[in-house]
Each structure stands twice: as structure tokens, then as C-alpha cells.
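In what follows, a single structure is set out as C-alpha cells and then discussed.
The values are calculated or read from the model by the stated rules, or taken from the named source; none is laboratory data. The shown structure was predicted, so the numbers you read here are calculated from the model rather than taken from an experiment. Neighbour counts are summed over all protein chains in view; Cβ atoms, including those assigned to glycine, are modelled from backbone coordinates with ideal geometry.
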Amino acid sequence: MTGHRTGPGPDGGPRVLVLGGTAQARQLAAALSTDPTARVVTSLAGRVARPRLPHGETRVGGFGGPDGLARWLRDERIGAVVDATHPFANRISTSAITACARTGTPLLVLRRPGWTAGPGDVWHRVPDLTAAAAALPTLGSRAMLTTGRQSLAAFAPLTGVFFLIRTVDPPQPPLPTDRVLLLDRGPYTVDGERALMRTHAIDVLVTKDSGGDETSAKLVAARELGLPVLMVDRAAAPSAPTVSDVESALTWLAELGAAAGAQPG
């Protein structure tokens, strides 16, 4: 854990836990840090070696499932949880729903909208990584793969396909045999993505429907080059109140604080 451990906020109120790792989570923590009465802690999974740290206190590492998270919420007197994790971080989102239900802690999901195909896009949507690996050989033989380092095992058995694999940190085997590994972190530019695809003669892009602007340049480049995109869909949305932008999350927290302050005692 980095930062310092703290108790309640300056006014004696409870703290806010932000389940982070995304640009929206960092934006939310930055906005809350400007409020002298607020106390926020951002939790990071610890899967990236050098994560972009948010404003305020941070906690790095897992909680030990929903039971561990529920204990932590009680011990740390957390008054509200905002799940601003990656849209494909299904495990922690499921744990948050269970833990918040057990402890009676209000939970909000802050989830950026997914991408939508536009004129000129040639997208092939699949429900999961297994389906993506099965469909890939029918769409191309030189793939740019941007699904994250923990998803590469699904593509490792494929032969006859070259992979340009881009991840933030070095991946662990199993990996596709015919590959070039590029370690890089967004945001990216359309010019850069177009040049990368041309240099490696890419004929198909494989990605997850992460949404957001930081990595959307590859979709524009693929459209301009006339390349098909194999898009892995998100799982079903968490069964919790959900907003798509930081401003709405701040409004929810403000209304929550006002309601709590109006309660007797």
C-alpha cells in the first residue's frame, strides 16, 4: 500500500473508495482531492508495473475476494464505493457488488461507453476471446493484437497468423509463436497507429470494446486503411447504479453526502 492510512474525513464523515486503474478513476480522484472535506482512497489491482498514480491515497493489490473486501470496507469506515475499473475487470466488479451488499455500502459503477461502429468501419463482434481466436484466421493472417497481456493464451495455439502484440508490460507464456512484441502505453495518435499497421503489413485488428479516447486511434487507422476489426464484446453490465462520466459520479456522491447529513443523529 502506498500513501498513508487515514481515518474518517476532516468532518468525521466516511471515506470514498475508488476502484481504479482507468483515466476516469484518476479524473474522479483529482476532482475529489480539491474538496478539503473529502477523503478518497483509490485501489489499484497491481497488474501494471508502473501504474499512473491518482491524486490522494492509493492502495495497491487485491482484497482477497468479496469477503476480504467486505472486511476492508468495515475496517476502513468506507461510506461509498465507486467502481471505475476497466470494463473487462469483471472479477473485482463482481466482488464489489457482493461486498457492498453485505456491508450496506452504497455502490456506483462509473463505466465509459463502449465504441460504436460508424460509416466505413468493418467490425466483427464476438462474445469472448475464444470466439475471437476462432474467427481470426477467417479475417486475416497478420493481426495487430491489443487485447491485453492476460488474454494472449487464447491466441497461442494459432498457426499461420503473424501477431503484432502490444502490451504495457511484458506478457507471460503461452504466446503465439510468430510474433513481434511492442511494449507501449497510450494515448496513441492516428498517424502513429496507421504507420504501425503499414510497417507490419497488418490486415486485421483484434481488440476489446474498452471504449474511451486513449486507445481509439487504432480504430480510425483501421477504418482509413480498410482493415477489418475483430471486436471482443464486454460482459453484461454490473447490476448496480451506473453512470458514464465523472461529472455524474460527483453528483451521485454529493447527493449521497447530502442525504447522509440529513439523517437524524
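Numbers below:
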item: LEU164, sole failed condition from (1) free of Cβ contacts under 8 Å to residues at least 24 places away in the same chain; (2) over 21 Å from ASP233 (Cβ atoms); (3) out of contact with any Asp or Glu (no Cβ under 9 Å at 6 or more places or on another chain); result: (1)
item: Criterion: within 30 Å of ALA80 (Cβ to Cβ), at pLDDT below 95 and in contact with a helix residue (DSSP H, G or I) (Cβ under 6 Å, 6 or more places away or on another chain) - qualifying residue of PRO187, PRO264, PRO238; result: PRO238
item: Residues that are polar (S, T, N, Q) and loosely packed, with under 14 Cβ neighbours inside 10 Å, drawn from region 35-69; result: THR37
item: Output for region 155-180, where each listed residue is surrounded by 15 or more Cβ atoms within 10 Å (Cβ to Cβ) and under 23 Å from GLY46 (Cβ atoms); result: ILE165, ARG166, THR167, VAL168, PRO171, LEU175
item: Considering residues of region 126-173 that are aromatic (Phe, Trp, Tyr) and part of a strand (DSSP E or B) only, the residue nearest to MET231 (Cα to Cα); result: PHE163
item: Subset of region 212-230 (residues that are closer than 29 Å to GLY21 by Cβ, out of contact with any strand residue (DSSP E or B) (no Cβ under 9 Å at 6 or more places or on another chain) and modelled with pLDDT of 95 or more); result: SER216, ALA217, VAL220
item: Selection from region 127-140 of residues that are more than 14 Å from GLY160 (Cβ to Cβ) and either outside the structural domain of ARG223 (by TED's automatic domain parsing) or surrounded by 18 or more Cβ atoms within 10 Å (Cβ to Cβ) (or both); result: LEU129, ALA132
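Residues checked against (1) closer than 25 Å to SER33 by Cβ; (2) touching a Leu at 6+ places or on another chain (Cβ under 6 Å); (3) aromatic (Phe, Trp, Tyr):
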residue	(1), (2), (3)
ARG185	yes, no, no
THR189	no, no, no
ARG194	no, no, no
ALA201	no, no, no
VAL204	no, yes, no
LEU219	no, no, no
ALA235	no, no, no
PRO241	yes, yes, no
LEU253	yes, no, no
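Here's the yes/no breakdown for (1) surrounded by fewer than 18 Cβ atoms within 10 Å (Cβ to Cβ); (2) under 22 Å from the mean Cα position of the chain (by Cα):
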| site | (1), (2) |
| --- | --- |
| VAL206 | no, yes |
| GLY211 | no, yes |
| ARG223 | no, no |
| LEU230 | no, yes |
| ASP233 | yes, yes |
| GLU247 | yes, yes |
